[in-house]
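Step one of this worksheet: look at the structure below.
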There are 2 protein chains.
Amino acid sequence: MKTPASPVRRPRDGTLKTALVDAGVALLRKRGPDGLSLRKCAAQAGVSHAAPAYHFKNLAGLSTAIAARGYSVFCQTMTARLEQADASAMDRLNAICHGYLDFASTQPELFLFIFSGQSFNKEDDEFDRHSSNAYAILREACAPFVPSGAEPEEVEILVWSVVHGYAHLTMTRKADSPRFRDSWPKLDLLLEHLDRALETGREPGR
Amino acid sequence: MKTPASPVRRPRDGTLKTALVDAGVALLRKRGPDGLSLRKCAAQAGVSHAAPAYHFKNLAGLSTAIAARGYSVFCQTMTARLEQADASAMDRLNAICHGYLDFASTQPELFLFIFSGQSFNKEDDEFDRHSSNAYAILREACAPFVPSGAEPEEVEILVWSVVHGYAHLTMTRKADSPRFRDSWPKLDLLLEHLDRALETGREPGR
DNA sequence: CCATTAAACTTGACACTGTCAAGATAAGTC
DNA sequence: GACTTATCTTGACAGTGTCAAGTTTAATGG
């Protein structure tokens with residue numbers, strides 16, 4: 001008698017998966033990380049409560065997919081800055097640093113989510129692809145500053161630490177404390193120090 | 001007829017509050033941030049499921065108390081390093097940086113918890129006390145490196161960014177990626193760069 | 001065109017969660 | 001010894017993730 005549900009009947013092209021991730025990102029933005037739930041994503045996408053689990057196995061799976069999406073726009077944001085930079089190595093490095101901060105400040109929930117320390121499913125292809133790509137962008141920008149014979153990670157982690165620390169503290173602390181209302185220094189101020197450190201590292205005689 | 005519960009009958013000196021925080025920290029360590037729950041803390045402390053809400057109002061309240069505890073041992077860890085340092089400003093600064101990393105690596109769950117970006121109850125006295133104290137320790141160690149006429153935050157955030165970025169990336173990324181199995185640089189390598197940057201900043205003529 | 005098959009869901013159930021209202025108990029006070 | 005109040009307990013409810021089983025539908029092969 002009753003046609004039980006069949007609400008949207010979307011084509012079988014994997015639309016639902018991306019729709020669920022869309023819903024997850026929106027929920028993250030609106031309700032914060034605690035507001036994220038399989039059932040709410042399902043409701044927002046117009047499917048039954050158990051539909052997400054079919055595609056993502058469990059909540060960790062959905063979280064991984066959302067994190068992959070996060071890394072994807074992370075890469076886009078850095079690339080956008082990179083395209084505006086001139087060809088000089090220093091300008092390109094500063095560009096990705098500003099792109100890093102752009103992402104953190106325009107997408108604070110996604111930024112904190114992917115760096116929350118929760119363990120995502122590293123087997124996931126999409127996740128691995130986008131997160132690796134983010135590091136590749138960093139690596140490429142750092143390459144000109146690696147002294148011959150040195151490990152590239154020495155420069156990469158230095159750069160990454162400065163910009164990530166600044167971005168992460170900005171997101172987690174600045175808003176918290178009235179202490180930093182107007183005195184929070186600009187990123188460029190840190191980058192001046194960083195640039196000088198890398199310049200000296202460039203000359204083999206130090 | 002039945003004496004309903006009255007399981008432990010602890011004295012009214014606020015023991016339960018700290019016992020619940022103990023349980024929360026233990027749960028965080030054992031089960032991760034998702035394993036933390038009011039009911040499990042209650043069970044571990046031997047009280048009924050609603051007892052924690054009486055003392056902490058809600059889960060956010062308990063989380064804030066746990067974070068306050070986290071900041072407390074954070075301060076202790078940095079202070080411990082400070083006591084082993086000699087009187088030189090540079091040695092003291094490096095000491096708190098190493099203390100920072102000590103805390104992150106010996107208490108990874110607490111470290112990630114307090115820097116998870118979730119908004120704790122900033123009205124809470126204990127929380128405010130310990131988190132402010134942590135920043136005060138940093139500020140004191142940075143003070144000798146602030147050029148006259150400059151904002152202290154310029155140095156503080158630079159130092160904090162480097163060491164926090166390094167610690168946070170170490171905790172969130174290093175374990176993830178096989179990429180960094182042996183190549184992850186030591187903190188001292190970054191501190192050399194930082195120390196040089198601060199030395200030059202000290203001389204007004206740059 | 002129709003039967004079959006497998007993918008993409010839905011339905012229903014269960015244990016667990018935070019939160020609230022109401023009751024119980026015991027310690028301290030007069 | 002009555003009273004008051006802080007400290008819990010009990011019971012309930014809505015929301016959660018997850019699983020098992022059923023249902024629909026698209027694609028396939030004859």
- Answer from B:Ala87, B:Ala26, B:Ala68 - the residue that is modelled with pLDDT under 95 and either more than 12 Å from DNA strand C (Cβ to nearest atom) or touching a Cys at 6+ places or on another chain (Cβ under 9 Å) (or both): B:Ala87
- Task: Return the pairs, sorted by first residue and then second, in which the second residue is more than 8 Å from DNA strand C (Cβ to nearest atom) and among the small types (Gly, Ala, Ser), the first residue lies in the range B:48-64 and is within 12 Å of chain A (Cβ to nearest Cβ), the beta carbons are less than 9 Å apart, and the residues are 6+ apart or on different chains.
- Result: B:Ala60/B:Ser119; B:Ser63/B:Gly24
- Message: Scan the range A:75-82 and tell me whether some residue there is away from DNA strand C (no atom under 14 Å from the Cβ), among the charged types (D, E, K, R), within 20 Å of A:Asp128 (Cβ to Cβ) and more than 14 Å from chain B (Cβ to nearest Cβ).
- Response: no
- Query: Do you know which of the residues in the range B:154-188 that are of a type in the set (Ser, Thr, Tyr) and more than 7 Å from chain A (Cβ to nearest Cβ) is nearest to the chain's Cα centre (by Cα)?
  - Reply: B:Thr170
- Could you give every pair whose Cβ atoms fall below 6 Å, whose first residue belongs to the range B:25-39 and is within 13 Å of another protein chain (Cβ to nearest Cβ), and whose second residue is within 8 Å of DNA strand C (Cβ to nearest atom) and at pLDDT 95 or above, counting only separations of at least 6 or pairs across chains? B:Leu28/B:Leu36
- Message: Pull out all pairs, ordered by first then second residue, where Cβ-Cβ is under 8 Å, the residues are six or more apart or on different chains, the first lies in the range A:175-189 and is part of a loop (DSSP other than H, G, I, E, B), and the second is among the polar types (S, T, N, Q).
- Response: A:Asp176/B:Ser119; A:Trp184/A:Thr170
- Message: Could you check the range A:135-157 and list, in sequence order, the residues that are within 24 Å of A:Lys186 (Cβ to Cβ) and touching a residue at least 40 places away in the same chain (Cβ under 8 Å)?
- Response: A:Ile137, A:Leu138, A:Ala141, A:Cys142, A:Phe145, A:Val155
- Query: Going through the range B:103-120 one residue at a time, which ones are surrounded by fewer than 18 Cβ atoms within 10 Å (Cβ to Cβ) and away from every other protein chain (no Cβ under 11 Å)?
  - Reply: B:Ser105, B:Thr106
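The values are calculated or read from the model by the stated rules, or taken from the named source; none is laboratory data. Model, not experiment: these values are computed from the prediction. FYI the Cβ positions are ideal-geometry reconstructions off the backbone, even for glycines, and counts take in every protein chain you see.
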